[in-house]
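Some notes on the structure that comes next.
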Amino acid sequence: MEGLRVELGERSYDIRIGQNTLDALGGAVKELKASPTLALVSNPTIYALYGERVHASLTAAGFDVVEIIVPDGEEHKELLWVERILTSMLERRLDRKSLLVALGGGVIGDVAGFAASLYMRGIRFVQVPTTLLAQVDSSVGGKTGVNHPLGKNMIGTFWQPSLVWIDVDTLKTLPQREFLCGMAEVIKYGVIWDRELFDYLGREKNKILSLDPETISHIIRRSCEIKAEVVSRDEREGGLRAILNYGHTIGHAIETVTGYIRYLHGEGVSMGMYLEAALSERLGIMKSGGADEVKRLIDDYGLPSGLFDGADATAMVDAMGLDKKTVAGTIRCVLPESVGKVLVNEPVTREALMELLASL
Ligand SMILES: NC(=O)c1ccc[n+]([C@@H]2O[C@H](COP(=O)([O-])OP(=O)(O)OC[C@H]3O[C@@H](n4cnc5c(N)ncnc54)[C@H](O)[C@@H]3O)[C@@H](O)[C@H]2O)c1
(Lines give C-alpha, C1' and ligand atoms only; values in the text may rest on other atoms or scores of the structure.)
Protein backbone atom coordinates (compact mmCIF):
# COMPACT_ATOMS: atom_id res chain seq x y z
CA MET A 1 0.00 0.00 0.00
CA GLU A 2 1.33 3.43 -0.89
CA GLY A 3 1.10 6.30 1.54
CA LEU A 4 1.50 10.02 1.50
CA ARG A 5 0.97 12.67 4.10
CA VAL A 6 -0.91 15.94 4.06
CA GLU A 7 1.24 18.24 6.18
CA LEU A 8 -0.92 20.55 8.24
CA GLY A 9 0.81 20.67 11.64
CA GLU A 10 -1.40 19.06 14.26
CA ARG A 11 -4.07 18.46 11.62
CA SER A 12 -1.73 16.37 9.41
CA TYR A 13 -3.01 13.04 8.10
CA ASP A 14 -2.15 10.08 5.89
CA ILE A 15 -3.60 9.13 2.54
CA ARG A 16 -3.25 5.39 1.90
CA ILE A 17 -3.73 4.08 -1.63
CA GLY A 18 -3.98 0.38 -2.42
CA GLN A 19 -5.80 -2.44 -4.13
CA ASN A 20 -8.37 -4.60 -2.41
CA THR A 21 -7.78 -2.92 0.94
CA LEU A 22 -11.31 -2.48 2.33
CA ASP A 23 -10.87 -5.54 4.57
CA ALA A 24 -7.84 -3.92 6.19
CA LEU A 25 -9.65 -0.66 7.01
CA GLY A 26 -10.66 -1.74 10.54
CA GLY A 27 -7.04 -2.27 11.58
CA ALA A 28 -6.05 1.17 10.32
CA VAL A 29 -9.00 2.84 12.03
CA LYS A 30 -8.15 1.07 15.27
CA GLU A 31 -4.75 2.76 15.25
CA LEU A 32 -6.54 6.10 15.58
CA LYS A 33 -7.49 5.06 19.14
CA ALA A 34 -11.13 6.04 19.21
CA SER A 35 -14.14 5.15 21.36
CA PRO A 36 -15.63 1.73 20.64
CA THR A 37 -18.85 3.04 19.05
CA LEU A 38 -18.30 4.40 15.54
CA ALA A 39 -20.59 5.87 12.86
CA LEU A 40 -20.44 4.51 9.30
CA VAL A 41 -22.16 6.85 6.83
CA SER A 42 -22.89 5.69 3.29
CA ASN A 43 -25.65 5.51 0.67
CA PRO A 44 -27.70 2.48 -0.45
CA THR A 45 -25.84 2.07 -3.77
CA ILE A 46 -22.41 2.01 -2.22
CA TYR A 47 -23.48 0.15 0.89
CA ALA A 48 -24.89 -2.67 -1.25
CA LEU A 49 -21.50 -3.02 -2.96
CA TYR A 50 -19.03 -2.48 -0.13
CA GLY A 51 -20.91 -1.92 3.12
CA GLU A 52 -20.78 -5.44 4.45
CA ARG A 53 -17.03 -5.76 3.92
CA VAL A 54 -16.35 -2.45 5.61
CA HIS A 55 -18.75 -3.23 8.43
CA ALA A 56 -17.13 -6.65 8.99
CA SER A 57 -13.65 -5.16 8.98
CA LEU A 58 -14.61 -2.51 11.56
CA THR A 59 -16.42 -5.06 13.74
CA ALA A 60 -13.43 -7.40 13.59
CA ALA A 61 -11.29 -4.51 14.85
CA GLY A 62 -13.56 -4.26 17.91
CA PHE A 63 -15.90 -1.43 16.90
CA ASP A 64 -19.62 -1.27 17.53
CA VAL A 65 -20.80 0.15 14.19
CA VAL A 66 -23.76 2.54 13.88
CA GLU A 67 -24.82 2.51 10.21
CA ILE A 68 -26.32 5.70 8.84
CA ILE A 69 -27.64 5.52 5.29
CA VAL A 70 -28.26 8.73 3.36
CA PRO A 71 -30.26 8.40 0.11
CA ASP A 72 -28.22 8.49 -3.10
CA GLY A 73 -28.02 11.79 -4.94
CA GLU A 74 -26.74 15.36 -4.83
CA GLU A 75 -30.24 16.56 -3.83
CA HIS A 76 -29.76 14.88 -0.44
CA LYS A 77 -26.59 16.87 0.27
CA GLU A 78 -28.66 19.13 2.49
CA LEU A 79 -28.98 20.22 6.10
CA LEU A 80 -31.83 17.78 6.74
CA TRP A 81 -29.46 14.85 6.35
CA VAL A 82 -26.78 16.46 8.48
CA GLU A 83 -29.33 16.73 11.26
CA ARG A 84 -30.39 13.11 10.79
CA ILE A 85 -26.79 11.91 11.00
CA LEU A 86 -26.28 13.96 14.17
CA THR A 87 -29.50 12.58 15.67
CA SER A 88 -28.44 8.98 15.02
CA MET A 89 -25.09 9.64 16.65
CA LEU A 90 -26.71 11.23 19.70
CA GLU A 91 -29.23 8.40 20.01
CA ARG A 92 -26.42 5.85 19.97
CA ARG A 93 -24.40 7.96 22.41
CA LEU A 94 -21.29 8.49 20.36
CA ASP A 95 -18.89 10.63 22.36
CA ARG A 96 -16.17 13.16 21.65
CA LYS A 97 -13.62 10.42 21.00
CA SER A 98 -15.87 8.56 18.58
CA LEU A 99 -15.02 8.39 14.89
CA LEU A 100 -17.15 8.76 11.80
CA VAL A 101 -16.29 6.80 8.66
CA ALA A 102 -17.60 8.21 5.35
CA LEU A 103 -17.89 5.46 2.71
CA GLY A 104 -18.83 6.87 -0.68
CA GLY A 105 -18.33 9.57 -3.29
CA GLY A 106 -18.06 13.31 -2.83
CA VAL A 107 -21.65 13.70 -1.69
CA ILE A 108 -21.26 11.30 1.23
CA GLY A 109 -17.81 12.68 2.09
CA ASP A 110 -19.08 16.26 2.13
CA VAL A 111 -22.24 15.67 4.15
CA ALA A 112 -20.67 13.19 6.60
CA GLY A 113 -17.56 15.34 7.05
CA PHE A 114 -19.77 18.31 7.78
CA ALA A 115 -21.69 16.31 10.41
CA ALA A 116 -18.38 15.21 11.97
CA SER A 117 -17.24 18.83 12.16
CA LEU A 118 -20.38 19.77 14.10
CA TYR A 119 -20.92 16.81 16.42
CA MET A 120 -19.89 17.85 19.93
CA ARG A 121 -17.95 20.71 18.30
CA GLY A 122 -16.07 18.30 16.08
CA ILE A 123 -15.06 14.63 16.10
CA ARG A 124 -12.47 12.89 13.94
CA PHE A 125 -13.51 11.27 10.69
CA VAL A 126 -12.11 8.93 8.05
CA GLN A 127 -12.72 9.26 4.33
CA VAL A 128 -13.14 6.07 2.31
CA PRO A 129 -13.74 7.57 -1.16
CA THR A 130 -15.28 5.28 -3.77
CA THR A 131 -15.49 7.54 -6.87
CA LEU A 132 -12.48 8.73 -8.84
CA LEU A 133 -13.51 12.33 -8.16
CA ALA A 134 -13.57 11.70 -4.41
CA GLN A 135 -10.26 9.80 -4.53
CA VAL A 136 -8.37 12.53 -6.38
CA ASP A 137 -10.14 15.58 -5.05
CA SER A 138 -12.98 15.85 -2.55
CA SER A 139 -11.69 13.45 0.15
CA VAL A 140 -8.47 15.45 0.53
CA GLY A 141 -8.30 19.01 1.77
CA GLY A 142 -10.98 19.29 4.42
CA LYS A 143 -13.77 21.17 2.66
CA THR A 144 -17.07 19.81 3.95
CA GLY A 145 -20.59 21.07 3.48
CA VAL A 146 -24.04 20.91 1.98
CA ASN A 147 -26.10 22.73 -0.61
CA HIS A 148 -28.74 25.35 0.16
CA PRO A 149 -31.74 26.12 -2.05
CA LEU A 150 -30.03 29.46 -2.75
CA GLY A 151 -26.70 27.97 -3.81
CA LYS A 152 -24.45 24.91 -4.11
CA ASN A 153 -21.94 24.21 -1.31
CA MET A 154 -22.94 27.43 0.45
CA ILE A 155 -23.00 25.99 3.98
CA GLY A 156 -19.89 24.27 5.25
CA THR A 157 -16.72 24.06 7.26
CA PHE A 158 -13.04 23.34 6.91
CA TRP A 159 -12.58 20.08 8.79
CA GLN A 160 -9.70 17.79 7.90
CA PRO A 161 -10.11 14.01 7.97
CA SER A 162 -7.81 11.93 10.16
CA LEU A 163 -7.19 9.35 7.44
CA VAL A 164 -8.05 8.92 3.75
CA TRP A 165 -8.30 5.24 2.74
CA ILE A 166 -8.38 4.67 -1.02
CA ASP A 167 -9.10 1.24 -2.45
CA VAL A 168 -8.70 1.60 -6.23
CA ASP A 169 -10.67 -1.61 -6.80
CA THR A 170 -13.86 0.23 -5.89
CA LEU A 171 -13.57 2.00 -9.26
CA LYS A 172 -14.43 -1.27 -11.03
CA THR A 173 -18.12 -0.77 -10.22
CA LEU A 174 -18.22 2.97 -10.89
CA PRO A 175 -20.28 3.95 -13.99
CA GLN A 176 -18.04 5.11 -16.85
CA ARG A 177 -19.57 8.59 -16.96
CA GLU A 178 -18.75 9.11 -13.27
CA PHE A 179 -15.23 7.79 -13.82
CA LEU A 180 -14.65 10.29 -16.63
CA CYS A 181 -15.81 13.14 -14.38
CA GLY A 182 -12.99 12.19 -12.04
CA MET A 183 -10.63 12.22 -15.04
CA ALA A 184 -11.57 15.85 -15.68
CA GLU A 185 -10.12 16.72 -12.27
CA VAL A 186 -6.99 14.66 -12.98
CA ILE A 187 -6.50 16.54 -16.28
CA LYS A 188 -6.95 19.74 -14.25
CA TYR A 189 -3.96 18.82 -12.05
CA GLY A 190 -1.88 18.32 -15.19
CA VAL A 191 -2.75 21.74 -16.56
CA ILE A 192 -2.37 23.69 -13.31
CA TRP A 193 0.74 21.98 -11.95
CA ASP A 194 2.37 19.12 -13.76
CA ARG A 195 3.24 18.90 -17.45
CA GLU A 196 4.59 15.38 -16.90
CA LEU A 197 1.24 14.19 -15.55
CA PHE A 198 -0.54 15.84 -18.50
CA ASP A 199 1.70 13.98 -20.98
CA TYR A 200 1.31 10.73 -19.04
CA LEU A 201 -2.48 10.99 -19.32
CA GLY A 202 -2.14 11.32 -23.09
CA ARG A 203 0.28 8.38 -23.37
CA GLU A 204 -1.44 5.97 -21.00
CA LYS A 205 -5.08 6.60 -21.91
CA ASN A 206 -5.82 2.96 -22.75
CA LYS A 207 -4.37 1.64 -19.50
CA ILE A 208 -6.24 4.29 -17.54
CA LEU A 209 -9.57 3.56 -19.19
CA SER A 210 -9.11 -0.17 -18.64
CA LEU A 211 -8.35 0.51 -14.97
CA ASP A 212 -4.87 -0.99 -15.00
CA PRO A 213 -4.18 -0.94 -11.23
CA GLU A 214 -0.64 0.42 -11.34
CA THR A 215 -1.48 3.18 -13.81
CA ILE A 216 -4.63 4.15 -11.93
CA SER A 217 -2.77 4.16 -8.60
CA HIS A 218 -0.11 6.36 -10.16
CA ILE A 219 -2.54 9.05 -11.34
CA ILE A 220 -4.46 8.98 -8.05
CA ARG A 221 -1.26 9.28 -6.07
CA ARG A 222 0.08 12.13 -8.20
CA SER A 223 -3.26 13.98 -7.98
CA CYS A 224 -3.36 13.56 -4.20
CA GLU A 225 0.25 14.76 -3.95
CA ILE A 226 -0.60 17.92 -5.85
CA LYS A 227 -3.77 18.57 -3.86
CA ALA A 228 -1.90 17.86 -0.59
CA GLU A 229 0.85 20.30 -1.56
CA VAL A 230 -1.62 23.05 -2.44
CA VAL A 231 -3.71 22.51 0.72
CA SER A 232 -0.61 22.36 2.94
CA ARG A 233 0.44 25.77 1.66
CA ASP A 234 -3.03 27.34 1.81
CA GLU A 235 -5.53 25.38 3.89
CA ARG A 236 -8.30 27.98 3.88
CA GLU A 237 -8.11 29.32 0.35
CA GLY A 238 -6.40 32.59 1.17
CA GLY A 239 -4.58 32.51 -2.18
CA LEU A 240 -2.89 29.52 -3.82
CA ARG A 241 -5.74 27.07 -3.15
CA ALA A 242 -7.84 28.97 -5.67
CA ILE A 243 -5.59 27.32 -8.31
CA LEU A 244 -7.85 24.28 -7.92
CA ASN A 245 -10.69 26.32 -9.38
CA TYR A 246 -9.24 26.08 -12.89
CA GLY A 247 -12.13 25.34 -15.25
CA HIS A 248 -14.62 25.95 -12.47
CA THR A 249 -15.57 29.61 -13.09
CA ILE A 250 -16.99 28.90 -16.55
CA GLY A 251 -17.78 25.28 -15.61
CA HIS A 252 -20.09 26.32 -12.76
CA ALA A 253 -21.80 28.84 -15.03
CA ILE A 254 -22.51 26.05 -17.54
CA GLU A 255 -23.94 23.85 -14.77
CA THR A 256 -26.08 26.74 -13.52
CA VAL A 257 -27.57 27.79 -16.86
CA THR A 258 -28.32 24.18 -17.74
CA GLY A 259 -30.08 23.64 -14.41
CA TYR A 260 -27.61 21.03 -13.06
CA ILE A 261 -29.43 18.40 -15.12
CA ARG A 262 -27.70 18.24 -18.46
CA TYR A 263 -24.08 17.98 -17.31
CA LEU A 264 -22.33 16.34 -14.41
CA HIS A 265 -19.89 18.54 -12.50
CA GLY A 266 -16.80 17.04 -14.18
CA GLU A 267 -18.31 17.64 -17.60
CA GLY A 268 -18.91 21.30 -16.77
CA VAL A 269 -15.32 21.51 -15.54
CA SER A 270 -13.93 19.93 -18.71
CA MET A 271 -15.78 22.47 -20.87
CA GLY A 272 -14.66 25.21 -18.50
CA MET A 273 -11.02 24.11 -18.74
CA TYR A 274 -10.97 24.43 -22.51
CA LEU A 275 -12.90 27.73 -22.47
CA GLU A 276 -10.64 29.26 -19.81
CA ALA A 277 -7.57 28.16 -21.80
CA ALA A 278 -9.11 29.72 -24.92
CA LEU A 279 -9.78 32.91 -22.94
CA SER A 280 -6.19 32.91 -21.76
CA GLU A 281 -5.00 32.63 -25.35
CA ARG A 282 -7.26 35.51 -26.46
CA LEU A 283 -5.85 37.64 -23.65
CA GLY A 284 -2.31 36.86 -24.81
CA ILE A 285 -1.41 34.96 -21.63
CA MET A 286 -1.26 31.47 -23.11
CA LYS A 287 0.71 31.04 -26.28
CA SER A 288 -1.14 30.14 -29.46
CA GLY A 289 -1.97 26.43 -29.68
CA GLY A 290 -2.06 25.92 -25.90
CA ALA A 291 -5.84 25.79 -25.69
CA ASP A 292 -6.00 23.25 -28.53
CA GLU A 293 -3.56 21.05 -26.67
CA VAL A 294 -5.83 21.10 -23.59
CA LYS A 295 -8.84 20.41 -25.82
CA ARG A 296 -7.17 17.41 -27.46
CA LEU A 297 -6.63 15.66 -24.13
CA ILE A 298 -10.17 16.42 -22.97
CA ASP A 299 -11.53 15.08 -26.28
CA ASP A 300 -9.32 11.98 -26.04
CA TYR A 301 -11.11 11.03 -22.85
CA GLY A 302 -14.51 11.58 -24.45
CA LEU A 303 -15.27 14.52 -22.19
CA PRO A 304 -17.06 17.58 -23.63
CA SER A 305 -14.83 20.52 -24.53
CA GLY A 306 -16.87 22.87 -26.69
CA LEU A 307 -19.80 25.04 -25.76
CA PHE A 308 -23.23 23.46 -26.08
CA ASP A 309 -25.66 24.59 -28.78
CA GLY A 310 -27.90 27.48 -27.83
CA ALA A 311 -25.76 28.63 -24.90
CA ASP A 312 -26.92 32.07 -23.73
CA ALA A 313 -23.72 34.09 -23.25
CA THR A 314 -25.39 36.82 -21.15
CA ALA A 315 -26.96 34.29 -18.79
CA MET A 316 -23.61 32.54 -18.42
CA VAL A 317 -21.71 35.72 -17.62
CA ASP A 318 -24.47 36.72 -15.18
CA ALA A 319 -24.09 33.33 -13.47
CA MET A 320 -20.34 33.90 -13.15
CA GLY A 321 -21.08 37.23 -11.48
CA LEU A 322 -23.09 35.43 -8.79
CA ASP A 323 -20.48 32.72 -8.20
CA LYS A 324 -18.85 32.28 -4.75
CA LYS A 325 -15.48 33.06 -6.35
CA THR A 326 -16.66 36.49 -7.50
CA VAL A 327 -15.78 39.14 -4.93
CA ALA A 328 -17.06 42.73 -5.11
CA GLY A 329 -18.40 42.10 -8.61
CA THR A 330 -15.04 41.06 -10.10
CA ILE A 331 -15.13 37.73 -11.93
CA ARG A 332 -11.92 35.75 -11.45
CA CYS A 333 -10.47 32.87 -13.43
CA VAL A 334 -7.43 30.65 -13.28
CA LEU A 335 -5.69 31.27 -16.60
CA PRO A 336 -3.01 28.94 -17.97
CA GLU A 337 0.25 30.41 -19.26
CA SER A 338 1.22 26.98 -20.54
CA VAL A 339 0.38 23.40 -19.61
CA GLY A 340 1.71 23.00 -16.06
CA LYS A 341 1.74 26.71 -15.20
CA VAL A 342 -1.19 29.02 -14.48
CA LEU A 343 -2.04 32.46 -13.15
CA VAL A 344 -4.40 32.26 -10.16
CA ASN A 345 -7.34 34.56 -9.49
CA GLU A 346 -6.98 36.73 -12.60
CA PRO A 347 -9.68 39.37 -12.86
CA VAL A 348 -11.61 39.00 -16.12
CA THR A 349 -13.99 41.57 -17.58
CA ARG A 350 -17.54 40.80 -18.67
CA GLU A 351 -16.61 42.09 -22.13
CA ALA A 352 -13.72 39.63 -22.50
CA LEU A 353 -16.00 36.77 -21.52
CA MET A 354 -18.78 37.90 -23.85
CA GLU A 355 -16.30 38.16 -26.73
CA LEU A 356 -14.94 34.69 -26.00
CA LEU A 357 -18.39 33.12 -25.92
CA ALA A 358 -19.43 34.96 -29.08
CA SER A 359 -16.31 33.69 -30.88
CA LEU A 360 -17.20 30.00 -30.45
N1 LIG B 1 -15.10 18.80 -0.59
C2 LIG B 1 -14.48 19.08 -1.71
O3 LIG B 1 -13.35 19.57 -1.72
C4 LIG B 1 -15.14 18.75 -3.01
C5 LIG B 1 -14.42 18.82 -4.21
C6 LIG B 1 -15.06 18.46 -5.40
C7 LIG B 1 -16.38 18.04 -5.38
N8 LIG B 1 -17.07 18.00 -4.19
C9 LIG B 1 -18.45 17.56 -4.14
O10 LIG B 1 -18.49 16.19 -4.51
C11 LIG B 1 -19.79 15.88 -4.99
C12 LIG B 1 -19.66 15.02 -6.21
O13 LIG B 1 -19.00 13.82 -5.85
P14 LIG B 1 -19.01 12.53 -6.78
O15 LIG B 1 -18.71 12.94 -8.16
O16 LIG B 1 -18.16 11.52 -6.13
O17 LIG B 1 -20.56 12.13 -6.82
P18 LIG B 1 -21.45 11.19 -5.88
O19 LIG B 1 -20.94 11.11 -4.52
O20 LIG B 1 -22.86 11.61 -6.10
O21 LIG B 1 -21.25 9.77 -6.59
C22 LIG B 1 -21.67 9.59 -7.91
C23 LIG B 1 -22.55 8.36 -8.06
O24 LIG B 1 -21.73 7.19 -8.04
C25 LIG B 1 -22.22 6.27 -7.07
N26 LIG B 1 -21.05 5.55 -6.59
C27 LIG B 1 -20.10 6.01 -5.75
N28 LIG B 1 -19.10 5.13 -5.67
C29 LIG B 1 -19.44 4.07 -6.43
C30 LIG B 1 -18.80 2.86 -6.76
N31 LIG B 1 -17.57 2.57 -6.33
N32 LIG B 1 -19.45 1.98 -7.57
C33 LIG B 1 -20.67 2.31 -8.07
N34 LIG B 1 -21.31 3.45 -7.84
C35 LIG B 1 -20.69 4.32 -7.02
C36 LIG B 1 -22.93 7.11 -6.06
O37 LIG B 1 -23.86 6.36 -5.33
C38 LIG B 1 -23.58 8.16 -6.96
O39 LIG B 1 -24.75 7.67 -7.50
C40 LIG B 1 -20.49 17.20 -5.24
O41 LIG B 1 -21.45 17.40 -4.23
C42 LIG B 1 -19.38 18.23 -5.12
O43 LIG B 1 -19.84 19.47 -4.63
C44 LIG B 1 -16.47 18.34 -3.03
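Would you pick out the residues in the range 70-92 that are outside any helix (DSSP H, G or I) and away from the ligand (no atom under 13 Å from the Cβ)? Walk me through how you get there before you give the answer.
We begin by selecting, within the range 70-92, every residue outside any helix (DSSP H, G or I); these are 70-73, 77-78, 92.
Scanning the range 70-92 gives a single hit, ARG92.
Quick one: VAL41 ticks every box in (1) within 16 Å of the ligand (Cβ to nearest atom); (2) closer than 23 Å to ASP137 by Cα; (3) part of a strand (DSSP E or B); (4) open to solvent by 80 Å² or more (accessible area, probe 1.4 Å) bar one, so which box is it?
Among (1) within 16 Å of the ligand (Cβ to nearest atom); (2) closer than 23 Å to ASP137 by Cα; (3) part of a strand (DSSP E or B); (4) open to solvent by 80 Å² or more (accessible area, probe 1.4 Å), VAL41 violates only (4).
Of the residues ALA48, ALA24, ALA56, which single one is more than 16 Å from THR130 (Cβ to Cβ), out of contact with any Phe, Trp or Tyr (no Cβ under 8 Å at 6 or more places or on another chain), in a helix (DSSP H, G or I) and open to solvent by 10 Å² or more (accessible area, probe 1.4 Å)? Spell out how you get there, then give the answer.
Details: ALA48 fails: more than 16 Å from THR130 (Cβ to Cβ); ALA24 fails: more than 16 Å from THR130 (Cβ to Cβ).
Selected residue: ALA56, the only one of ALA48, ALA24, ALA56 that is more than 16 Å from THR130 (Cβ to Cβ), out of contact with any Phe, Trp or Tyr (no Cβ under 8 Å at 6 or more places or on another chain), in a helix (DSSP H, G or I) and open to solvent by 10 Å² or more (accessible area, probe 1.4 Å).
Hey, any hits in the range 206-213 for a residue that's among the hydroxyl-bearing types (Ser, Thr, Tyr), at pLDDT 95 or above and under 14 Å from the mean Cα position of the chain (by Cα)?
Within the range 206-213, not a single residue is among the hydroxyl-bearing types (Ser, Thr, Tyr), at pLDDT 95 or above and under 14 Å from the mean Cα position of the chain (by Cα).
Go through the range 147-177 and give me each residue that's within 20 Å of THR45 (Cα to Cα), more than 8 Å from the ligand (Cβ to nearest atom), in contact (Cβ under 8 Å) with a residue 40 or more places away in the chain and surrounded by fewer than 24 Cβ atoms within 10 Å (Cβ to Cβ). Break it down into steps so the answer makes sense when it comes.
Filtering the range 147-177 for residues within 20 Å of THR45 (Cα to Cα) gives 165-177.
Subset that is more than 8 Å from the ligand (Cβ to nearest atom): 165-169, 176-177.
Among the residues that remain, those that are also in contact (Cβ under 8 Å) with a residue 40 or more places away in the chain are: 165-169, 177.
Matches in the range 147-177: VAL168, ASP169, ARG177.
Please verify whether VAL66 is touching a helix residue (DSSP H, G or I) at 6+ places or on another chain (Cβ under 7 Å), away from the ligand (no atom under 16 Å from the Cβ) and open to solvent by less than 70 Å² (accessible area, probe 1.4 Å), treating the condition exactly as stated.
Criteria met by VAL66.
Of the residues that make up the range 314-330, is at least one surrounded by fewer than 18 Cβ atoms within 10 Å (Cβ to Cβ), assigned to a helix (DSSP H, G or I) and either touching a Gly at 6+ places or on another chain (Cβ under 6 Å) or among the basic types (Lys, Arg) (or both)?
no
Identify, from the list GLU229, GLU237, the residue that is under 24 Å from GLY156 (Cα atoms) and outside any helix (DSSP H, G or I).
GLU237
Applying the selection to the range 93-138, what residues are part of a loop (DSSP other than H, G, I, E, B) and either of a type in the set (D, E, K, R) or near the ligand (Cβ under 8 Å from one of its atoms) (or both)?
Within the range 93-138, ARG93, ASP95, ARG96, LYS97, GLY105, THR130, THR131 meet the criteria.
Kindly establish whether TYR50 is within 16 Å of the ligand (Cβ to nearest atom) and closer than 11 Å to LEU103 by Cβ. Spell out how you get there, then give the answer.
Working: within 16 Å of the ligand (Cβ to nearest atom): yes; closer than 11 Å to LEU103 by Cβ: yes.
Criteria met by TYR50.
Looking at ARG262 and the list (1) in a loop (DSSP other than H, G, I, E, B); (2) charged (D, E, K, R); (3) crowded, with 17+ Cβ neighbours inside 10 Å, which single condition is not satisfied?
(3)
Kindly indicate whether any position in the range 271-280 is of a type in the set (Asp, Glu) and surrounded by fewer than 23 Cβ atoms within 10 Å (Cβ to Cβ).
So in the range 271-280, the residues of a type in the set (Asp, Glu) come out as 276.
This time we only want the ones that are surrounded by fewer than 23 Cβ atoms within 10 Å (Cβ to Cβ), so: none.
So far as the range 271-280 goes, no, none of its residues is of a type in the set (Asp, Glu) and surrounded by fewer than 23 Cβ atoms within 10 Å (Cβ to Cβ).
Looking at ILE220, ILE250, ILE298, ILE243 in this structure, which one is within 15 Å of the ligand (Cβ to nearest atom), within 23 Å of the chain's Cα centre (by Cα), closer than 24 Å to ASN345 by Cβ and open to solvent by less than 50 Å² (accessible area, probe 1.4 Å)?
Only one candidate passes the filter, namely ILE243.
Name the residues in the range 338-353 that are open to solvent by 60 Å² or more (accessible area, probe 1.4 Å) and more than 22 Å from the chain's Cα centre (by Cα), would you?
Scanning the range 338-353 gives PRO347, THR349, ARG350, GLU351.
The values are calculated or read from the model by the stated rules, or taken from the named source; none is laboratory data. Keep in mind it's a predicted model, so treat the numbers as computed, not measured. We place every Cβ from the backbone using ideal geometry, glycine too, and count neighbours over all the protein chains shown. Areas reflect the complete protein model, heavy atoms only, side chains present, ligands, DNA and RNA absent. Shrake-Rupley method; radii C 1.70, N 1.55, O 1.52, S 1.80 Å.
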